1. Pick from B:23, B:31: which is surrounded by 20 or more Cβ atoms within 10 Å (Cβ to Cβ) and β-branched (Val, Ile, Thr)?
2. Report every pair of residues separated by at least 6 positions or lying on different chains whose Cβ atoms are under 9 Å apart, first residue within the stretch A:81-107 and within 8 Å of another protein chain (Cβ to nearest Cβ), second of a type in the set (Phe, Trp, Tyr) and buried (at least 21 other Cβ atoms within 10 Å of the Cβ).
3. Looking only at residues in the stretch B:88-126 that are β-branched (Val, Ile, Thr) and either part of a helix (DSSP H, G or I) or over 21 Å from residue B:77 (Cα atoms) (or both), which one is nearest to the other protein chains (Cβ to nearest Cβ)?
4. What are the pairs, 6+ residues apart or on separate chains, where a residue within the stretch B:182-194 that is within 12 Å of another protein chain (Cβ to nearest Cβ) has its Cβ under 8 Å from a residue that is of a type in the set (Phe, Trp, Tyr) and not in a helix (DSSP H, G or I)?
5. Looking at residue B:43, is it more than 22 Å from residue B:213 (Cα to Cα) and at pLDDT 95 or above?
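The values are calculated or read from the model by the stated rules, or taken from the named source; none is laboratory data. Quantities reported herein were computed from a predicted structural model and do not represent experimental measurements. In this analysis, Cβ positions are derived from the backbone assuming ideal geometry, glycine residues included, and neighbour counts consider all displayed protein chains.
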Amino acid sequence: MQPIEIDQLQQYIDAFANKEVYIHLETTNGAYASHFNKDAYNAGAFIRNAQVTYQRGKIVGAGSTYRVGLKLEIGWIYAEGVSQYELDKNNRLLMAGHDREGRLMVALQISETPFKY
Amino acid sequence: MGEHVVVIYPHPDDEAFGAAGTITTFREKGIPVTYLCGTLGEMGRNMGNPTFATRETLPEIRKAELIKACEVLDIHLEMLGYRDKTIEFESTEDVAAHLFQFLNEIKPSLVITHYPGHAVHPDHNAFGAAAIRAVEMFPAAERPTVWAQAISNTHVEELGGPDIENDVSDRISKKLETIMAHKSQADGMLKSVKEEADDIELATKQWLGVESFYTWEFN
């Protein structure tokens, strides 16, 4: 993955608009958060292979991290804290944000074919 | 019936951090060890440090790391194909029956797994419970011994001290080599140790030099 170049990433997001796509959306602070810090909470969520069509998608800069919103006919998909991206060899758009130890905090991925289960 | 140890943990690297020293001592005695690894750690947060994996490349990377770690330990590996983070939502009976197929074939003398309810990660707790349920499927007289590993902060307080405490400090270089095989996961964890310690082997010894288990008591 590479640091986000907003113009190029916006083009990639546009290319998936108005198509049936599969989404992987995830956020996590790890299964050990409250084990290592009793004042912390374990919180996380993921959806793998949600099938949607978005009418418009937009990436907005927020310093070194970014927000992405995908507007659906009857809802929204939203991710905050992405900072890196990659269009992989299977033409899947991977976006993610990592903490300073390289651990994934948030991921939003878009593909025209299902993500491998 | 000869001795055979079966290790049942859900994630690639659980065997490295939890039991690599104990496994090494069994292998030194020529006792075969089989690792039934539940998942490929597909949902792990660590992507290497600096990051070299993505959510989509991580499963294959961790699979290769797992195979390498099992070569380091010289143990037989079976990958069971569950998905990281989801074991607790499967049917315990189904997972237990799946594990029993392997156990019934191997007829182990000892099973090492996580202590249900005291293993912190939901996959650990669920897979440990299924492993114990699988051992219960043997007639009582034929059951292998089970060593259950507790890692919760409260386990000594709530369960008393573990009855098996293996000092594996003499095997620490092998344990470290096993951990290093899981590069995507070890980078971050070992980096923080390295930054704080001059001698990584000494620091690791203090951190990982003892592997503790509770012998499971069946009702």
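1. On the way: B:31 fails: surrounded by 20 or more Cβ atoms within 10 Å (Cβ to Cβ).
Only one candidate qualifies: B:23.
2. Cβ pairs passing all conditions: A:94/A:85; A:96/A:85.
3. Step one: list which residues in the stretch B:88-126 are β-branched (Val, Ile, Thr), which gives B:92, B:95, B:106, B:111-113, B:120.
Add one more test, that the residue is either part of a helix (DSSP H, G or I) or over 21 Å from residue B:77 (Cα atoms) (or both), and what stays is B:92, B:95, B:106, B:120.
On the way: B:92: 19, B:95: 18, B:106: 28, B:120: 5 Å.
Checked the stretch B:88-126; the qualifying residue nearest to the other protein chains (Cβ to nearest Cβ) is B:120.
4. From residues that are within 12 Å of another protein chain (Cβ to nearest Cβ), the pairs are B:184/B:52.
5. Values: more than 22 Å from residue B:213 (Cα to Cα): yes; at pLDDT 95 or above: yes.
Answer is yes for this residue.
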